[in-house]
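Asks: One structure follows; several queries about it will come next.
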Amino acid sequence: MAIFKVEAQLREDVGKGASRRLRHEGLVPVVLYGGERDPVTLSLNHNKVLRLTEDEGFFSSIIEFSADGGKKQKVVIKDVQRHPAKPVIMHMDFMRVNENREIMMLIPLHFIGGEESPAGKSTRVMIDYQINEVEITCFPRDLPEFIEVDISDFSAGDIFYLSDLKVPEGVTLTAFTHGDDEAHDDVIVATSAISQVEEDVDGEEAPAADQVESIEQSKDDSAE
């Protein structure tokens with residue numbers, strides 16, 4: 001797993017006005033919280049952190065975080081607010097982690113074998129990926145960067161449920177910690193049949209049978 005390092009700067013001014021000024025200066029307002037310490041307001045270089053967010057692993061990894069060259073802390077990302085129309089990060093929240101306490105994180109799913117599977121090779125079957133991330137609970141040392149989903153044997157009519165996931169040792173699917181596992185066993189991947197429209201020799205869609213019958217009837221009526 002890649003090691004991500006973030007160097008922040010402490011800030012004293014808070015509020016919407018202060019946040020706007022920071023953004024104009026190319027900085028991202030940040031809040032660090034968690035553990036047994038009070039929340040701290042900081043800022044990050046926007047361009048540097050934007051490049052880090054382009055790596056999917058940044059969102060599911062333990063990050064080495066320091067402020068003003070101080071002691072390194074282990075943190076995870078808890079929230080990222082983005083501009084609705086521009087590639088701009090508006091605000092970020094980080095949470096301190098304790099090696100001896102479990103954390104809950106959203107982890108991406110990596111699907112493999114779909115194109116090579118019987119369903120993927122068929123022109124009459126569509127593979128429907130319904131969930132691309134899952135929430136897990138684990139200790140920081142057991143945090144996976146992603147969870148792999150192998151559907152290389154997927155055929156028409158197959159369904160892959162949340163309970164079918166093979167999670168690493170020490171990792172629990174949070175959905176199954178609330179009781180009534182069956183109610184939370186969501187579909188992750190499923191297949192559905194594609195109805196094919198017949199084509200004529202010129203590659204144009206041929207009229208359906210009922211359309212042909214209607215056309216022939218019109219011709220007969222005209223002839224009369």
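Asks: At 7 Å along the Cα-to-beta-carbon direction for both Asp142 and Ser163, put a label point, then send me their distance in nm to one decimal.
Replies: Roughly 2.1 nm, to one decimal.
Asks: At 1.4 Å probe size, with no ligands or nucleic acids counted, give the accessible surface of His46 in Å², nearest ten.
Replies: Here the accessible area works out near 20 Å².
Asks: Oh, and also: How high is the FRET efficiency from Val14 to Asn98, r the C-beta distance, R0 30 Å, rounded to 0.05?
Replies: Once the sixth-power term is evaluated, E becomes 0.70.
Asks: Using protein chains only and a probe of 1.4 angstrom, how many square angstrom of Arg51 are accessible, to the nearest 10?
Replies: Looks like 150 Å² after rounding.
Asks: Give, in nm to one decimal, the length gained when the segment between Asn45 and Lys121 is fully stretched (0.36 nm per residue of separation minus the Cα-Cα distance).
Replies: 22.8 nm
Asks: Straight-line reach from Lys74: which lysines have a Cα under 21 Å away, not including same-chain ones fewer than 8 places off?
Replies: Straight-line reach from Lys74, under 21 Å: Lys5, Lys48.
Asks: For Lys121, list the lysines whose Cα falls under 26 Å from its own Cα; do not include residues on the same chain fewer than 8 positions away.
Replies: Reachable lysines: Lys166.
Asks: So how much accessible area does Leu173 have, in Å² to the nearest 10, using a 1.4 Å probe?
Replies: My reading of the accessible area for Leu173 is about 20 Å².
Asks: Applying 1/(1 + (r/R0)^6) with R0 = 25 Å to the Cβ-Cβ distance of Asp186 and Glu54, what FRET efficiency is obtained, to the nearest 0.05? Write out the running numbers ahead of the final one.
Replies: Working: r = 28 Å, r/R0 = 1.14.
Taking R0 as 25 Å, the efficiency between Asp186 and Glu54 is 0.30.
Asks: To continue, here is another question. Could you tell me which of rounded, prolate or oblate describes the stretch 101-155, using a ≥ b ≥ c as the square roots of the eigenvalues of the alpha-carbon gyration tensor, with rounded for a/c under 1.5 and, failing that, prolate when a/b is larger than b/c and oblate otherwise?
Replies: prolate
Asks: Within 10 Å of each candidate Cβ there may be at most 10 other Cβ atoms; applying that plus a DSSP loop requirement, which GluC sites (Glu not before Pro) in the stretch 118-185 survive?
Replies: Values: sites: Glu133, Glu135, Glu145, Glu148, Glu169, Glu182; in loops: Glu145, Glu169.
Those satisfying the criteria are Glu169.
Asks: Over the stretch 1-69, with the other protein chains present, what is the accessible area per residue in square angstrom, probe 1.4 angstrom?
Replies: 59 Å²
Asks: Can you sort Met92, Met126 by 1.4 Å-probe accessible area, starting with the largest?
Replies: Largest accessible area first, the residues go Met126, Met92.
Asks: Hey, could you grab the Kirkwood Rh for the stretch 137-188? Inverse mean 1/r over distinct alpha carbon pairs, Å, one decimal.
Replies: Over the stretch 137-188, the inverse of the mean reciprocal pair distance is 12.6 Å.
Asks: Ordered by residue, what ³J(HN,Hα) values in Hz, to whole numbers, does the stretch 71-82 give under the Karplus form 6.51 cos²θ - 1.76 cosθ + 1.60, where θ = phi - 60° and Gly and Pro are x?
Replies: For the stretch 71-82, the Karplus-derived couplings read 4, 6, 10, 9, 9, 10, 7, 10, 7, 9, 9, 10 Hz, x marking Gly and Pro.
Asks: Which whole-percent values make up P(r) of the stretch 1-123 when all C-alpha to C-alpha distances are grouped in 10 Å steps starting at zero?
Replies: Pairs per bin, as whole percents: 11, 40, 28, 11, 7, 3.
Asks: What is the percent carbon and sulfur in the accessible area of the stretch 68-132, measuring with a 1.4 Å probe over the protein chains and ignoring ligands? Before the final figure, lay out each step's value.
Replies: Numbers: 2040 of 4090 Å².
Its accessible area is 50 percent carbon and sulfur atoms.
The values are calculated or read from the model by the stated rules, or taken from the named source; none is laboratory data. On a predicted model such as this, the values are computed, not experimentally measured, just so you know. Glycine gets a Cβ as well: all are built from the backbone with ideal geometry, and neighbour counts include every protein chain shown. Quick note on the areas: whole protein, heavy atoms, side chains included, nothing else; ligands and nucleic acids left out. Shrake-Rupley method; radii C 1.70, N 1.55, O 1.52, S 1.80 Å.
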